[in-house]
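Colleague: Shown below is the structure under consideration.
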Amino acid sequence: QVQLVESGGGLVQAGGSLRLSCAASGSIFSFNYMGWYRQAPGKQRELVARITNGGRTNYRDSVKGRFTISRDNAKNTVILQMNSLKPEDTAVYYCNAISPQDEYWGQGTQVTVSS
């Protein structure tokens, strides 16, 4: 059983930056996809960014050019660098990992962007 632990959330002014980190308790090499989702109050959880084991990435349109996802298989971590943050980025951000057999979620970290 792999556990995912997020860190790096917080309160930031619009235009600022945050760096979210997701640390896995075991190897992430077997995970085909690792990604970040977010859920704002009253809204459905949505995919923010995802990266494959081969390093291919995809982003939701609203964060393209501002967010960057990366993974370090040796350190079992996935990073989401968020720049030029906007109030509409405010949400709880969740780390997600998908292998051929399982799917895992972290507990979430709050990101609040003030205007």
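The values are calculated or read from the model by the stated rules, or taken from the named source; none is laboratory data. Everything numeric in this text was worked out from a predicted model, so none of it was measured. When we count neighbours, we look across all protein chains shown, and the Cβ atoms used for this are built from the backbone with ideal geometry, even at glycine. The accessibility values were calculated without ligands, DNA or RNA, using every heavy atom of the protein model including side chains. Shrake-Rupley method; radii C 1.70, N 1.55, O 1.52, S 1.80 Å.
Colleague: Hey, got the dipole for the chain? About the Cα centre, +1 on K and R Cβ, -1 on D and E Cβ, debye to the nearest 20?
Modeller: Computed about the Cα centre, the dipole is about 240 debye.
Colleague: Rounded to whole Å, give me the distance from the Cα center of segment 59-115 to that of segment 1-35.
Modeller: 6
Colleague: Moving to a separate point now. Under a 1.4 angstrom probe, counting protein chains only, how are LEU20, LEU47 ranked by accessible area, largest first?
Modeller: Putting LEU20, LEU47 in descending order of accessible area: LEU47, LEU20.
Colleague: Compare LYS86, LYS64 by solvent-accessible area with a 1.4 Å probe and give them largest first, with all protein chains kept in place.
Modeller: The ordering from most to least exposed comes out as LYS64, LYS86.
Colleague: Next question. Cross-link candidates for LYS43: which lysines have Cα within less than 29 Å, leaving aside residues fewer than 8 places away along the same chain?
Modeller: Straight-line reach from LYS43, under 29 Å: LYS64, LYS86.
Colleague: Can you compute the FRET efficiency between ARG19 and LEU47 using 1/(1 + (r/R0)^6), with r the Cβ-Cβ distance and R0 = 22 Å? Round to the nearest 0.05.
Modeller: 0.70
Colleague: Follow-up question, since we're still on this one. With all protein chains present, how much of the accessible area of the chain (probe radius 1.4 Å) comes from carbon and sulfur, to the nearest whole percent?
Modeller: Carbon plus sulfur share of accessible area: 46 percent.
Colleague: Would you mind getting the accessible area per residue of the chain, heavy atoms of the protein chains only, 1.4 Å probe, in Å²?
Modeller: On a per-residue basis, 53 Å².
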